[in-house]
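Notes follow the structure.
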Amino acid sequence: DKHVMLGMTGGNHVEVYDVSGAQGKWVKSIATGEGAHAFRALGDGRHVLVSNRVANTIHKIDYNSFQSVAVYKAPGGPDCMEVTADGKLLLVSSRWIKKMSVIDLDTGKLVRQVPVGKSPHGVWTLDHAKRF
């Protein structure tokens, strides 16, 4: 409830601001890769994922230290994300290649891709990880 993160799509980082006071205050920048775009909480109460469209990566950011603690390769302009309820798989809309990509969060490996049509954006399942 104290901090907000902004993906800098025109840059290569996420900016963190403290919004607990009357005026927001810049805290730090976290390097994540070009085209920082969408966020998805991992559901463990400690980490958030950010997709980097241009870099074709997804960074896992620690809420406590505001540092990137893991990087996943994500082909085709990763956009929106969803985490399965068990926290094992990451579903990613791969915008530029017309697919939904599935990444194993334990191994970091791409396990499957599903053709879905032109310019996929959002990903949603009813059985998903917590939002925080």
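The values are calculated or read from the model by the stated rules, or taken from the named source; none is laboratory data. Only a predicted model underlies this, so the values are computations on that prediction, with no experimental measurement involved. Cβ placement follows ideal geometry from the backbone for every residue including glycine, while neighbour counts extend to all protein chains displayed. Accessible surface is based on the protein model in full, side chains and every heavy atom, while ligands, DNA and RNA are left aside. Shrake-Rupley method; radii C 1.70, N 1.55, O 1.52, S 1.80 Å.
At a 10 angstrom cut-off on C-beta neighbours, averaged per residue, how do the peptides 75-88, 19-32 rank from highest to lowest?
Ranking the peptides 75-88, 19-32 by packing returns 75-88, 19-32.
Once you have the Cα-Cα distance between Trp124 and Lys88, take 0.36 nm times their residue separation minus that, and quote the gain in nm to one decimal.
Extending this stretch completely gives an extra 11.4 nm.
To the nearest 0.05, how large is the calculated FRET efficiency for Ile97 and Gln23 if R₀ is 41 Å and r is the Cβ-Cβ distance?
So, using R0 = 41 Å, E works out to roughly 0.45.
Number of Lys-Lys pairs in region 20-132 under 25 Å by Cα, sequence gap 8 or more or different chains?
Total qualifying Lys-Lys pairs in region 20-132 comes to 26.
Translational diffusion coefficient, Stokes-Einstein: compute it for the chain using the Kirkwood radius over C-alpha pairs as Rh, at 25 °C and 0.890 mPa s, and state it as an integer in µm² s⁻¹.
166 µm²/s
Set Lys and Arg Cβ to +1 and Asp and Glu Cβ to -1, take the dipole of the chain about its Cα centre, and tell me which of Leu89, Val19, Gln113 lies farthest positive.
Gln113
Taking all protein chains as present, what is the carbon and sulfur share of the accessible area of the chain, in % to the nearest whole number, probe 1.4 Å?
54 percent
For region 58-132, report the accessible area per residue in Å² (1.4 Å probe, heavy atoms, rounded to an integer).
Result: 56 Å² per residue.
Enter the per residue convex hull volume of region 51-99, computed from alpha-carbon coordinates, in Å³ rounded to the nearest integer.
Hull volume over Cα atoms, normalised by residue count, gives 79 Å³.
How much length would be gained if the chain were fully extended between Phe132 and Glu34, taking 0.36 nm per residue of separation minus their Cα-Cα distance, in nm to one decimal?
Between Phe132 and Glu34, full extension yields an extra 32.8 nm.
In vacuo Debye scattering of region 16-93, one point per C-alpha: log10 I(q)/I(0) at q = 0.11, 0.13 Å⁻¹?
Debye output, listed in q order: -0.29, -0.40.
With each label point set 7 Å from Cα along the Cα-Cβ vector, what nm distance links Val4 and Lys73?
3.6 nm
Would you mind checking the radius of gyration and Dmax of region 93-132 based on alpha-carbon positions, in Å?
11.4, 30
Please report, in debye to the nearest 20, how large the charge dipole of the chain is about its Cα centre when each Lys and Arg carries +1 at its beta carbon and each Asp and Glu carries -1 there.
It comes to approximately 320 debye.
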